[in-house]
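The values are calculated or read from the model by the stated rules, or taken from the named source; none is laboratory data. Bear in mind that the values here come from a model prediction, so they are computed numbers and not experimental data. Positions of Cβ are generated from backbone atoms using ideal geometry, with glycine treated the same way; all protein chains shown enter the neighbour counts. Remember, those area values only see protein heavy atoms, side chains included, never the ligands or the DNA or RNA. Shrake-Rupley method; radii C 1.70, N 1.55, O 1.52, S 1.80 Å.
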Amino acid sequence: MQTQRMIEALQEVFIAADERDWERCRAALADKVFLDYSSLSGIPAQELSAADIVTSWMGFLPRFKATHHQLGNFSVQDDGESAIVKCYGTATHFFPTASGQNVWAVVGTYESKLARWKDGWKVTALRFNLRYQDGNLALAEIAAVE
């Protein structure tokens, strides 16, 4: 039962982000989160406040008409108070373009750390390991100016 709750806590971050429910997204994160998307962005990993992470996502994800994060193939290691959850992840971004190249897909794995809080499990670290990208790799820039 706890394993399922840990998985759902991680999923909540991405479901809430796709639904643009920023308060719910923030609530799924610990106050400080070690965030590492360096394999995708080139930006070094760093510890950030949950508020800063959500503010950043609020400035990026709504550029697209839709986003869809899909997680699966979960592996959970826990000691009762903390856990490491690993999974596959795909993020699909949609924005209509004149060329018809409307989708940018990012595929990789996530390694996350969670901690038990009084109100449930929260994400304390999130690392994305890029496997590949496909589709319109310029879609983020196109969506930013249109």
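Here are the numbers:
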| read-out | value |
| --- | --- |
| Eligible lysines near K122 by straight Cα distance, threshold 20 Å, same-chain separation 8 or greater | K32, K86, K113 |
| Length gained when the stretch Q70-A45 is fully extended (0.36 nm per residue, less Cα-Cα span) | 6.7 nm |
| For D18, solvent-accessible area (1.4 Å; no DNA, RNA or ligand), Å² | 30 Å² |
| Accessible area (Å², 1.4 Å probe, nearest 10) - I84 | 50 Å² |
| Calculated P(r) of the stretch 4-133 - Cα pairs past 23 Å, % | 29 percent |
| Simple Cβ-charge dipole of the chain, Lys/Arg +1 and Asp/Glu -1, about Cα centre, in debye nearest 20 | 80 debye |
| Sequence of S49, S112 from largest to smallest accessible area, 1.4 Å probe | S49, S112 |
| GNM result for the chain, Cα springs below 10 Å: residue of K86, K65, K122 fluctuating most strongly | K65 |
| Proximal aspartates and glutamates to K118, defined as alpha-carbon separation beneath 19 angstrom and excluding residues fewer than eight positions away on the same chain | E8, E12, E23, D31, D78, D79, E81 |
| Under 5 Å, built H, 5+ apart or other chain: amide partners of R131 | V107, G108, T109 |
| Gap separating the Cα centres of the stretch 76-125 and the stretch 1-16, nearest whole Å | 10 Å |
| The chain: most fluctuating residue of L71, L114, L48 per GNM, C-alpha cutoff 10 Å | L48 |
